[in-house]
Every structure is written in C-alpha cells, then in structure tokens.
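The values are calculated or read from the model by the stated rules, or taken from the named source; none is laboratory data. This structure is a prediction, so every number in the text was calculated from the model and none was measured. Cβ: placed from backbone, ideal geometry, glycine included. Neighbour counts: every protein chain shown. Calculation scope for accessible area: heavy atoms of the full protein, side chains included, ligands and nucleic acids excluded. Shrake-Rupley method; radii C 1.70, N 1.55, O 1.52, S 1.80 Å.
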4 protein chains.
Amino acid sequence: MTRKAPAAVALVAAIASHAVADPRGRDLGIPFDFGAPGKWNAITDVPGVEVGHTTLIEGDSVRTGVTAILPRGRGDAARRLCFAGHFCLNGAGEMTGLPWVEESGFLDSPVLLTNTNSVGVVRDAVIAYAARRWPPVGDDWTIWSQPVVAETWDGDLSDIYGMHVRAEHAVAAMDRAATGPVAEGNVGGGTGMVCYEFKGGIGTASRRLSEADGGYTLGVLVQANHGLRPQLRIAGLPVGPELASDAKRARDGGSIIIVIATDAPLLPHQLKRLARRAALGLARTGSVAGNDSGDLFIAFSTANPQVVGAPRPVALSMLPNLRMGPLFEATVGATEEAIVNALVAGRTMTGFKGRTVSGLPHDKVREILRRHGRLLD
Amino acid sequence: MTRKAPAAVALVAAIASHAVADPRGRDLGIPFDFGAPGKWNAITDVPGVEVGHTTLIEGDSVRTGVTAILPRGRGDAARRLCFAGHFCLNGAGEMTGLPWVEESGFLDSPVLLTNTNSVGVVRDAVIAYAARRWPPVGDDWTIWSQPVVAETWDGDLSDIYGMHVRAEHAVAAMDRAATGPVAEGNVGGGTGMVCYEFKGGIGTASRRLSEADGGYTLGVLVQANHGLRPQLRIAGLPVGPELASDAKRARDGGSIIIVIATDAPLLPHQLKRLARRAALGLARTGSVAGNDSGDLFIAFSTANPQVVGAPRPVALSMLPNLRMGPLFEATVGATEEAIVNALVAGRTMTGFKGRTVSGLPHDKVREILRRHGRLLD
Amino acid sequence: MTRKAPAAVALVAAIASHAVADPRGRDLGIPFDFGAPGKWNAITDVPGVEVGHTTLIEGDSVRTGVTAILPRGRGDAARRLCFAGHFCLNGAGEMTGLPWVEESGFLDSPVLLTNTNSVGVVRDAVIAYAARRWPPVGDDWTIWSQPVVAETWDGDLSDIYGMHVRAEHAVAAMDRAATGPVAEGNVGGGTGMVCYEFKGGIGTASRRLSEADGGYTLGVLVQANHGLRPQLRIAGLPVGPELASDAKRARDGGSIIIVIATDAPLLPHQLKRLARRAALGLARTGSVAGNDSGDLFIAFSTANPQVVGAPRPVALSMLPNLRMGPLFEATVGATEEAIVNALVAGRTMTGFKGRTVSGLPHDKVREILRRHGRLLD
Amino acid sequence: MTRKAPAAVALVAAIASHAVADPRGRDLGIPFDFGAPGKWNAITDVPGVEVGHTTLIEGDSVRTGVTAILPRGRGDAARRLCFAGHFCLNGAGEMTGLPWVEESGFLDSPVLLTNTNSVGVVRDAVIAYAARRWPPVGDDWTIWSQPVVAETWDGDLSDIYGMHVRAEHAVAAMDRAATGPVAEGNVGGGTGMVCYEFKGGIGTASRRLSEADGGYTLGVLVQANHGLRPQLRIAGLPVGPELASDAKRARDGGSIIIVIATDAPLLPHQLKRLARRAALGLARTGSVAGNDSGDLFIAFSTANPQVVGAPRPVALSMLPNLRMGPLFEATVGATEEAIVNALVAGRTMTGFKGRTVSGLPHDKVREILRRHGRLLD
C-alpha cells in the first residue's frame, strides 16, 4: 500500500491524456440509431449534469483514477435529490448505495466511478466531503451519507493492489466537475480499462428528443471494461472477428458501469425501465455479459428536484408511461454510442508488468464499415 | 367439473353467513396497537374503496367464493389507475397481474380473491367484464387487461377440484361491491379458509392517522388461510399453545393474501414499502410464513387518479418518505388486527369429506387475555 | 363470448399451416453467431423437451391458439420438477406461476403460451388435467397447481374478446406434444402474432456446446409479437428501415415470451442469469422493449430431476459459474435466431376486421444481406 | 478527521467491556420460542463460524468498532465459498457486495459490521488483507474482492464524522475471530448503537434442530440500532410502553443488520427465504422498520464448501423445500432472541457531546414479565 507519486503529477497527466478535438464515433463515419445527439453528445447535455475526472498515470504501473458525475452540479443545488432507479445485468461488481436508491427512490449523492479496490476510499471520501461542505445544522442529517460508487477492474494495466487512489483524488474529481464536452477514453475511472480487448474507458453520448416527444435530453456515460474481441459489433457488423486478435484474455473478466441521466420527469420505477434498456444498447455492441462482468446501470432524472425532510406532500410531474418509447430508444442508442465512443477514444497504453493494450484501429474499422456499405461519409 | 347447484343458492348463503353485529376483535377486549381505526374499521374506510363477496356454500362439499376489492368503486372512476406496489413474503401462491404492477407502477383493475384452482376463470371474467362495460373506442385498449387475482387453498373444506367458481360469480362479487361495513369470516374468497387451524377467511381493519400526521386513512383486507395452531399469538400472548389442539394439519400449507389501501399520496416504490410492512403485522400473529404458504401482499393508493394515455406530463402529489412512519405503523397494526378479525369472525364449518374446522373459541381467548392482564374491558 | 366453430376444424388447420420443409433463417443464408445448433435447431434438441400446438383458425376472425412446452415430456417424468428462473424485461404481460418459481426454484408444470385473454382458461385447464392424470394419493397434493401460462396479444388479427380458447385446446396442445422438429410461425399460441409489423409467431433455435464446454444443449422457443418495423435488424443490418413499411402500428404494443431450456446442471439463480441474457438476443434483432410489451422470459434445466416431498437432503450437480460463458453465448445466439425463425416462418395472414399482416419477404431480405456482404451461400 | 488515540487502547477496552458471565435474555427468565439453542446460544454454534470484535472506546467521543463474522474461520477453509442470500426490509443502509451475492449465489468473504461512515475503509481493508494472505498465483484472482460490509449509525454516541475506524481495526477484528461464546452489547460494530432508545449493539442466539428435523444448527448475529421505545415488545408484551421513556429520539433513525448462519445444505434461493424470515423475528420485538432504518439481512450456509474455478460440475446436497419449516422457525426465534440479547447486554454509555443512553433495566423487565404471568423462573 505504498504511495508512489504525488497526486499533482496525475492531475497534469489528466489534462494531457485527451484532446477534445480527437475524433469520436460519428467523426469516423459510424452510423448510430435512434435520433440526434445534444450539443456535446455527452451526458452533460442534460442541464445541470457535470462530470469531472482525476486521472492517475504514474511511473510504470499506476493507470487508474476517479470519475465523478454530479447530477445537479457542484453548487448548492447538489443538495437536492434526484429520482433514480437501477438495474443489474450481471453482478460481478460493486455499486454502493443501491439499497437506499431502491428504498427511497432517490439518488442523493454524486455517482463516482473508480477501480475495484478503491470503492471504499472513494465512498468514505464523499461522505466526509459532504460533511465539510454542508455541516449538519443541529441534529439534521448530512446528505450524501449512502454514496453511489461503482467500479470496474483495471488490474491488467494498473497495480490495483497498490491502492493508489486516495480520498483527495475523489474530492478533486468532484471539485473539477464541469458541464461541456467530456473527456473520454483513458481518463478518470476509465484510465486503465480494457473493452473487447481494445483500450476502453470512459465514453459518453446523448440524444435530444423532438419537441413532439417532449424535447427532453437523455445522456449516457459508461466506464467500459468488458467483452471479448470476437464479440465486438460496431454498427451491427462483426468488427471484432474481422480484426485480427492481437490480445487474448483468458475470460470475459471485464465489466461496464452505465450511468443514464435525463431531464424528463420520470419516477423511480420509470427510471428502472431506462436502466434495463441500457442492457439492450450494450447487447448491440456484442456483449453477452460474461460471468465475471459487473454490469451495473443507474438512471436518474434531474426533473422534480426534491429536498430532504419536506413536511408535507410535494407536487411532482410525471411523464406518462405511454410517452416513454422515445426515451427507451434514446437509452439504447446513446448507450451503444457511448461504448463505441469509449473504444474510439481509447489510446494504446502500456502499464503494469509491461502489459500493452492497443487502441481500436480507426482506419481498419472504417474499412470494414465501408466494405459492408455501412460507412457514413 | 360438474356444476352442482345454481349460483342463486350461493348468493343467498352469502347474506346468511354473517351478521354484521357479530363481535369483532375489539369487541372481545383484545388490545391492538398503532392508533385508532376508521369508522368501519375496514378497508372501506378509505374513500372510494368498495368490497363485494360471492359466497358459495352448496351441499356437502362446496365451500368457496370470490371477494372483489374495487379501489375506486363500481362507477366510471374505476377506469382511473391507482399507483400500487407488491411484496411476496413466500411465493407458494398466485397473484396474477404482478408484472404490469411492477412495470407500470399501476393497479389498473380490481383485486379479486378466490380459491387456488379458480384464479383463471376469475381472471378471464374480469377482462370480459371490463370489455362489456367499457368497449374499446376505435383501437383504444380496454383497461383491466392484466387483472390482479389472488388465491389461497380451500381444499380441506371444499371440493376444490370440482371447479365450482364460474365467471358469473366473479362478476357478481364486483357488481355487489359497496362501501360500508365488510362481512368477515366465512364469506367470499374466504369461505372455506383455515387459519392457525381455526376457521379463518376474510378479515379487515383500518387506521385513521391524526391530522398532524396528514389525516390519511389506511385499510387492510386479508384472506387468511395460514399458520399452525401452536404458532398463534394474540396481543402478543401464546394463545395457540394455551388452547388445546383439536385439529392438526400435516404441515403449514396455508397462505394469506393481504391487500392494503390508502388515500395517502404514495408513489409505487413507497407502496412497496407498505406491502413489506404487512409481513411485520403477520408476524405479530405468530406466522413464520411456512414453505407451502402463498403470502402475497399488494398495496395501492387512491390518491393521484391517473388516466391511461395522457398525452403529456401529469401533476402528482407525493408524501415525503420521512412522513411515512405513521403509515408503516398503521400497516402493521391494521394487518395484525385484520387477521385477528378473520379468526374472530370465522365460524365452525363442516365441508368436503365431512371435515370440520372449529371457530376460535371467543370465551377461552378472553380468559387467556384476562389471565395475562391484557384484556380490555 | 359465443363460440363459433368446433375445435376439430382448428386442429386440422394446425397441420396445414406449416410444412416442416419450409425454409428457416439459416436456409435463407442468414448468418448467426455463437456456435452450432442441435439436430433440429429447436428447443426439442434438449433431451426430454416436447412441444405441442393447438392452432385455431376459424372463419374470418379467429386466429389464435395454444403452445405447450413440456420440460420432461408427457410421461410420468413430467411429475419431476425442473430448476427454473425468470426475468422480466418489460412487464406489460402475464406469466402466471412466477411467485412459486421464484420461491421454490422449481418449474413444476409445463409452460403454455396463448393469447392475452385466454391465460385464465388455460391455467385452470392445466390444473384440472394434472388432477385427472395423477389423482392425489391420500392428502398428497397434486402437482401442477401453480401453472406457468404466458401470453401475447393477438387482437389485431383475432377476435380476442371472443374468448375462443377453451380448456380442451390447452389439453390438446399438451397431449400432442412431441420431440423432433417444431412447427413455427402461424401456429399454436403464435397463430395471430405480429413481429416488427411482419407476421410473427412461434420460432425456435438451439445451440450444442462443444465437448470441451460440457457438450450441453440449450434451446429457445419464442412467441414473437413485438417491435416496430424500423427497429428490425437481421444479422446486425438495418433490414427494417430498408424494407418499405407497408404496415404501421400506432405504437409498440407487442410482446415476446422467451422460453429457454437446457440440460446443463444449473441452479435457479444460474437459470435467472440465462433468462436475463435472452434480453441481449432480443436486442440484436432491434427491439427496445416498448412500453406496452410483455417481455417475460423463463429458463429451466432438465438436469437434477427432483421429486416433491423428498424426506432428506438430495444430491445435485451444479455447473460452476465460471463455466457458464458458453451457455450465455448460446442463449444470446439461439434467442436471436429463434426470433428470426419466427419471422421467416410467418406467412401473410388476413383475419379480424379484414386486417392483413404480411410475411417477411424472403427474397428482399436476402438481397439486403447480399448487398451488405453478409449473405451466406 | 484527526485520529485521537492509538488503537491499542481500544483493544484493551474491548476486553474490559463485557464479561461473558453477564446475564443474557434466558438468564433473566424471558421465554423464547421455536426450539432450543445450541451450546453457546450464539452464531458460533454453527461449526466453523468465528466472530471477532474490535471495540473503539476512546476519550469522550469515540464509541465505535468493527465486528467480523468469518463463515469458515480464519484458516485456509476461508477461501471456500458459502452459498448465500439476502433480503432488504428497509434500505436506509449499506451492505456492500450484494450484487455478487445475488448473481453468483455465493458469499466469498467474511461479513464485517461497522458504523455508517467507515464502510469504505473496512471494505478496502478486507481486499488488501486477502491479497496479503493469499497472493494471486499467476493471473488467478484473489478471492474476497467484493467484500460484504454493513453498517448502522452510531452518530448519537460517537463522533462518526471523525472517521476513527482504520484498516488495522478491521484486520484486528478478523484476526481475533474465534469460536465459542460471543461478547454482546457495547462491543465491536455495536459499541455505540442504540436499540428501542435503550443501549443496543451486538446480540446473538442460535437454535439446534432435532435429529428428526435434520439436526442442523442455525445461528443469528445482529447489530441492533433500531426502534422507538414505545414499540418495544419482549415476549410479546408491551415492555416499551410500560417503561417510562427517559430518552426520546426525534424519529426512528436506527437500523439493524442481521446475519444468519446455518450448516443445513441450502441453496442460494433457499437462503433468501431464511433472510426474509429475519423480518418476522424483528417484528416480534416491535419494530415497524422505520423510514431511516437500514434493515439488511444476509444468510449463508456452511454446507457445500465450494472452490472458485472448479473445471466441471460439482456435487452438492440440497435440503428439500418441504423440510425447511423448522429452519424458518429457528430463524424467527433466534432473531427475536438475538435482539433481546443485544438489549440485555447493552450497558449505559455516555459518549459524544455528553449524551447518555441507558441500558435496559433488567429488574423492571422481569417485573413486567412476572406481572403478566410470562416470567420463567
């Protein structure tokens, strides 16, 4: 549990690891379904949602980090609850805080993503952070006491048992959260992640519904660390099998965390419906949700901001179930695209024990799509 | 599957089987917790809720029936949906319609209770009934297409494989539904039921919250067919062991269906919370939820009447979670009392194969409570 | 609720409606993933599993039926239980018997598929059938007392409120169950079903695992009635959008029931894992699981035949979780293929109110696949 | 987040805080139901199960700790998995590791109990501890990578935001685990807990089944921090209301964690059945599971020791469902008794901000039971 390098180095690394001008899935001519994205084609298209990364790339063997998604940003609006719901497609992973999400119907904290062995330190850090920012008044309880922290395993590229993530890294990810474009690939919690045996990590996408469908925005952010090469499908095509396999994992030991945000006024049971649809988007990229995969999804709505402890019934708005179809399509579409974006943004990385994982070869992918008459130009 | 007697006989039987002036649990001096009941100490204290029974007592071997709970009565308000949630404590039973309750958050039909082998005929009858009453306009869907029908096993006292319940019995129970006092014991779906090896059946109770707690009403109706004699507790006392066992069932093969109604504005996930509390009320009467027991509970709220197919977001009211405590207490208290009321109302019955099940001996129960200093006079 | 024609007509219709020599998905050159099928590429490749259909095609407006899947065939082995598990992707549908499947871990009856309004009559018929075949000895309980009956809505092509399915139709489907090839398309419960706005219905497929993976067989049978035309994907290609839409449903009101059988020794919680993977196979055909869709899946294992009432611990076999990967792939692959097979087998049908639904145009599908370099020849 | 005292002080405190000769519920003459306890009337009666506490009592304001339950003790048997299942009665709490318990059916780590704000540090400590003890061979995964750590809130008596629990405290609890009598009350994770507004904390009890019922042992351990004074029932009597309330909490903000162990050969879905029954035992002490209560229960079986990564099907033993009744009763009885034992063992404590919580007055409780004819002498 030695700590090898000052966090400052990591923070610089974060900035260097990803240029926003890098191409994304659409830039490569990959077609995606189910409507048009929002301004940034990111979870941050949902008004209020902010994302921050702490990326830890240190020496030969530290390739990890923390990503924070703040449903209502960093200001005092962060104390207001969001309705939320979750779904577990395959449970070989951790997402803390779920009993309270299920019981209360609320997400009352940010969602943080990190590596498997650092869930605990990040979780406790969120509690301490909230207590410092909003000290209890009298015996009133501090919010953020059951934080949602999820993980995937980066032990291939990072010295995961070195326990390199510290409380201040979690705090930094929250403090640096912002709206606007979201860095993807080898950043934040996704720094050391591997997806379909290519370099994976963070990816995001969004959909903006037509005014006739309510004009809502739905955004998805994934930490993609799942899948075997032969399973990979892009635009429905067998891209994985057609790319020679230069890396072979013994088994499908990866995982994917999917976070869905929307400003549509959905109740908790309706948000579970969105969370289940994330599985359908994942399936379109080829995954069968392997035995060792922690495929845990959470959806929240920024509509209906609630306060804890309201003394009497509160007024809410609810989208009727029959109007949810476009949001189902948006979830499937944005999830598929966010995963592809994570692959497109992933860059070849060498890490722990000298292991190297290659980035997705953009040119070859374009060539496969062109050959099958599926490339958009 | 011969049909032995005209339904008319049964309907007369229903009226004869229970005088509303019969004593209930409180009349015997049994103490109950968690607040005061509503006017009728019945599920019908919740405004709009109506209950109807069809009781089939025919010849030597037919002791069965149907009970219908109409959340919004028999008028056109019945087309409006109720938020609902359920809980299964032990699943050796049937409650149809649960996938849609869970998915949509709504109960869109009445709840009907009958015997195990008649769930199907009752279910289809509800669909046909709704189609006749509210024929589809254009291609609009008829409501009540996934009815909620639950059951317990009355094969000890009734010729359950004779399939004596017919569609018209289900319709009659709905048509006769009314507000006001609810007949208990050997009536409706509870006609042939056995509880803690005494005669059981239908029981009901309610709680009215203080104005400070919102002034809401919560009512419970049970079809009680569960438990072994030695398990029985009344007012926390070991009444079962202290009463000589004159009947011994081979195993705890019974079941209990619990229906909870309230006018508090609760969302589906909050109604699940009520449904889980029904298990706590059941436990206070001594049950351990035996292996063969179908212990299925459903809770609905008459607040927030919804229509199917609203074109845009609808306004709702929600009771904050922190205000739910009195409703939890009300659920536990009314469930315990409804079960005791079913036992108190049960009358000794002889049925199939000449089997006899005794009613709870009121005097002996009073004597036990008096001896332990727990009788209210 | 008039009954228009003798069942005999329907039974003849069943035989005429489908020639086994008709082409299936593979015959058209459509590529499928995740291994090779068993002998019949059907759920009946799992030893012991038998399937029977009753098809009701009568006059202008009856287009419905019943399909029965018998996990251990029609003989006395049918009294032995199967471990089972289920998953609900979207709950706008009915599958009776789930509380007991969830609680006990067992499927103790056949699985029957029919139309929405006939679930009840079929359910009660299964109970009565079992009681006739295996009358209780002493007070021993008859098996099959919580049957699993599921449905999809055929009200577009059939007079669903006419309640044309009767108990004898359910019995006939069970009695006619057999191993060997399974008729697909407009047969049994699938007779009047519509899938991606083409004629759908029953479809099936299977996978045989390599000896290294255990040599197990996994089969899938679907009753496919889901999806909108523009969503349809075949072999990952946008076949739906490329086929001109000649039918337009107002909304995604369909449903799909998926039944998964295997001889791999899986426990109930492992069978739930298979059931969840069916959603991934469904997604590969384009569905987003619409609001009105009853997408209910059940998986069972024929290994570990159990008897009710064993007096002491019984010996079981369990496949380790880490060995389940090939079964996950088989489930995804066979589900995708079974849905395509339902579409390929569906034949243009005219029914209720003169409505016509077209069968999938085989030649056009082949042309689309050829154009995209995905046709196998 | 200052750390005020060396852990050594705390460890001494642990030994001093509880004499095993202190009276327990039965010693006071309180009657309990459902059979006889094992040798120590503790969870450690289940062969192999070991329990260890780290108690942190430091200065004026630290009253917290960690309790570890090791299903197969501290030796190499600890690497073998246990089947497990869980139930959440009310989710205002945390129990990490549940997605993997649900998915895999296995508990693959010890269960640790601590305060709300220390779940993270304890969780990561378990991972690091396992990695040190059993370093991965080749790329084989270390076990204990999704530890089960649960919590209740001790912020009334302890400076919970001081984050006083450190990794070494979790390790010490595991290292000190032993079979034999289990210290109760103000120890380990229960040090600062409050139950029905009396001093609560750790409690345990067990049941030994008759040989006719299989001769199995079932043990329960609780960390009891729940309930309001007026709700308290002991032996079914209203002990809470009859004791003058000298402490009044604003709301039912407590929680209870319940751990159930057995050597009966139960599968995961059967262990969920036990976990649900814990709610019934809790109900018998008067709780209604308040809104803020984290009532999370987990059950495991030490039968069928499994290894990760077995290459082919493994042989198991399963108790038939119909034989589970005595285990249901044992769960209800031992849970009720363990909670009462926690109350009986709790000692008056003064802590954070000078607050004092009184221990249950043994004499007054005996007097109430005697008055109601329920005291055993």
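Using heavy atoms of the protein chains and a probe of 1.4 Å, the accessible area assigned to D:Cys88 is about 30 Å². Taking 7 Å steps out from each Cα toward its Cβ at C:His362 and C:Asp27 produces label points 0.6 nm apart.
The slack between C:Arg355 and C:Ala36, meaning 0.36 nm per residue of separation minus the straight C-alpha distance, is 111.0 nm.
Shown for the stretch D:266-307: residues covered by the partner protein chains by 40 Å² or more of accessible area relative to the chain by itself (probe radius 1.4 Å), namely D:His269, D:Arg273, D:Arg276, D:Arg277, D:Leu280, D:Ala283, D:Arg284, D:Val288, D:Asn291. For the interface of chains A and C, what total accessible area is buried with a 1.4 Å probe, rounded to the nearest 100 Å²? Interface between A and C: roughly 2800 Å². The local environment of B:Arg347, defined by Cβ-Cβ distances under 10 Å, has a net charge of 0 under the rule Lys, Arg +1 and Asp, Glu -1. Ligands, DNA and RNA excluded, the heavy atoms of A:Glu102 present near 70 Å² of accessible surface to a 1.4 Å solvent probe. Work out the FRET efficiency for B:Arg370 and A:Asp175 from their Cβ-Cβ distance, taking R0 = 60 Å, and round it to the nearest 0.05. With a Förster radius of 60 Å, E is 0.30.
Post the alpha-carbon centroid distance, the stretch C:88-138 to the stretch B:36-103, in whole angstrom. Value for the Cα centre distance between the two parts: 22 Å.
Annotation for A:Thr350, label-to-label distances across the other copies: 6.6, 7.2, 9.4 nm (shortest first, one decimal, point 7 Å from Cα along Cα→Cβ). Each part reduced to its alpha carbon centroid, the stretch A:351-377 and the stretch B:166-225 end up 65 Å apart. Please identify the DSSP H helices in chain C that span no less than 27 Å along the helix axis (Cα) and have a mean Kyte-Doolittle hydropathy of 0.0 or more. Sorted by number, the helices that extend far enough and score high enough are C:325-345. Seen from A:Phe87, the other residues with C-beta closer than 10 Å to its C-beta sum to a net charge of +4, counting Lys and Arg as +1 and Asp and Glu as -1. Beta-bridge orientation, the protein assembly as shown: approximately 80 percent antiparallel, per DSSP, counting only bridges with both partners inside. The accessible surface of the protein assembly as shown, taken with every protein chain in place and a 1.4 Å probe, is 55 percent carbon and sulfur. Would you mind checking A:Lys272/B:Lys272; B:Lys364/D:Lys364; D:Lys199/D:Lys364; C:Lys199/C:Lys353; B:Lys272/D:Lys199 for any pair whose Cα atoms are more than 20 angstrom apart? Correct reply: B:Lys364/D:Lys364; B:Lys272/D:Lys199. The Cβ shell under 12 Å around B:Arg312 holds other residues with a net charge of -1, Lys and Arg each +1, Asp and Glu each -1. Is the stretch C:273-370 rounded, prolate or oblate when judged by the Cα gyration tensor, a ≥ b ≥ c being the square roots of its eigenvalues, rounded requiring a/c under 1.5 and prolate requiring a/b larger than b/c? Prolate, because a/c is 1.5 or more and a/b exceeds b/c. Averaged over its residues, chain B has an accessible area of 28 Å² per residue, based on protein heavy atoms and a 1.4 Å probe.
In terms of accessible area, using a 1.4 Å probe and ignoring ligands and nucleic acids, B:Ser301, D:Ser145 rank largest first as D:Ser145, B:Ser301.
State whether chain C is rounded, prolate or oblate according to the following rule on the C-alpha gyration tensor (a ≥ b ≥ c being the square roots of its eigenvalues): a/c under 1.5 gives rounded; otherwise a/b larger than b/c gives prolate, and the remaining case gives oblate. Cα axes put chain C in the oblate bin. Each DSSP beta bridge with both residues in the stretch B:57-188 is either parallel or antiparallel, and the antiparallel ones are about 60%.
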